[in-house]
Amino acid sequence: MSNNDPNQPGQPYNPDSAGQGSQQNPYGENPYGQQPSAAGQNPYGQNPNPYGQPQAPGYDQYAAQGGYAAVQPPVERPRTLAIAFGLIMLAGIFSALSSWLMATSNMMANMIGQQWSLVQEEFQNQMQSTPGMNKDPLVEQMMQSPEAFMAQVNSMISSFVIVGMIITLGLYFLVGFFVGRGVGGMRILATILAALSLLNLVTTVPMVSMFADTQAGLINAVYVVGILLGVAGVVFAWLRPSSEYIAQRRMARRAGYR
């Protein structure tokens, strides 16, 4: 047997060179200047994710990418709603005061006295058609002494006014309280009431001026100021900070917050 290397004719055969030859690149060195990477390593020497480590998307990422963030309740009520509550309460106080001034003035007496001839004629016709009516002490007093009858009517009206004042203050407080807390439905109700009060202003002021005599100026001033305070409170409830707070509160309630 020949001792020459079959791969290299004319050279002696070296059995150790077979193991070394199998580990060499027959084309020379690695043209990229580095050894192939082991399994599990990136051959380009960097993380394959160019944006860093993969993360589970959170609410903030969704919001930054145009998605939907978690609904949170509003932190603090705007000052505009607090002002709206204060103005509506002042409107209730002025409204109750104007009602009291109307009741304690001679306004009702003048209204009845101006139309007394028509009222007296109507009662006489009813007394003729109803024989037992002339025995009624109230009717008898009214026919014999109209001044005493009107004084009694004023006393009854004053009692009703006191009850009405308490109810009015309670209603104004409830409306102002819930408007100040940012309840959208109560804000709409306050808007409707303010619009009705403006319409009532057109008829009340001329009537007071006609029948309230010397107290007409004071009654009209208090009445008008009360209405304007209520309207101003509704305006503050519709300003942008108030509307944004009410919208956030509505969304938070729909999401389960109370």
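The values are calculated or read from the model by the stated rules, or taken from the named source; none is laboratory data. These numbers were taken from a predicted model, which means no experiment stands behind them. Virtual Cβ from ideal backbone geometry, glycine too; neighbours counted across all protein chains shown. Heavy atoms of the whole protein, side chains included, go into the accessibility calculation; ligands, DNA and RNA do not. Shrake-Rupley method; radii C 1.70, N 1.55, O 1.52, S 1.80 Å.
Determine ³J(HN,Hα), in whole Hz, for all residues of segment 222-229 in sequence, where each value follows from phi through the Karplus function 6.51 cos²θ - 1.76 cosθ + 1.60 and θ = phi - 60°; x replaces Gly and Pro.
Those phi angles translate into 5, 5, 5, 4, x, 5, 5, 5 Hz.
What FRET efficiency comes out for the pair M111/I162, r = Cβ-Cβ distance, R0 = 22 Å, nearest 0.05?
Values: r = 20 Å, r/R0 = 0.91.
Once rounded, the FRET efficiency stands at 0.65.
Which of the peptides 86-97, 149-160 is most tightly packed, and how do the rest follow, going by the mean number of other Cβ atoms within 10 Å of each residue?
Most protected by this proxy first, the peptides run 86-97, 149-160.
With the full set of protein chains in place, find how many percent of the accessible area of segment 144-258 is carbon and sulfur; take the probe as 1.4 Å.
That share works out to 72 percent.
Testing the spin-label approximation: label points 7 Å from Cα along Cα→Cβ at L201 and T104. State their distance in nm.
2.5
If I stretch the segment between L239 and A221 completely, what's the gain in nm (0.36 nm per residue apart, minus their alpha carbon distance), one decimal?
The span from L239 to A221 would gain 3.8 nm if fully extended.
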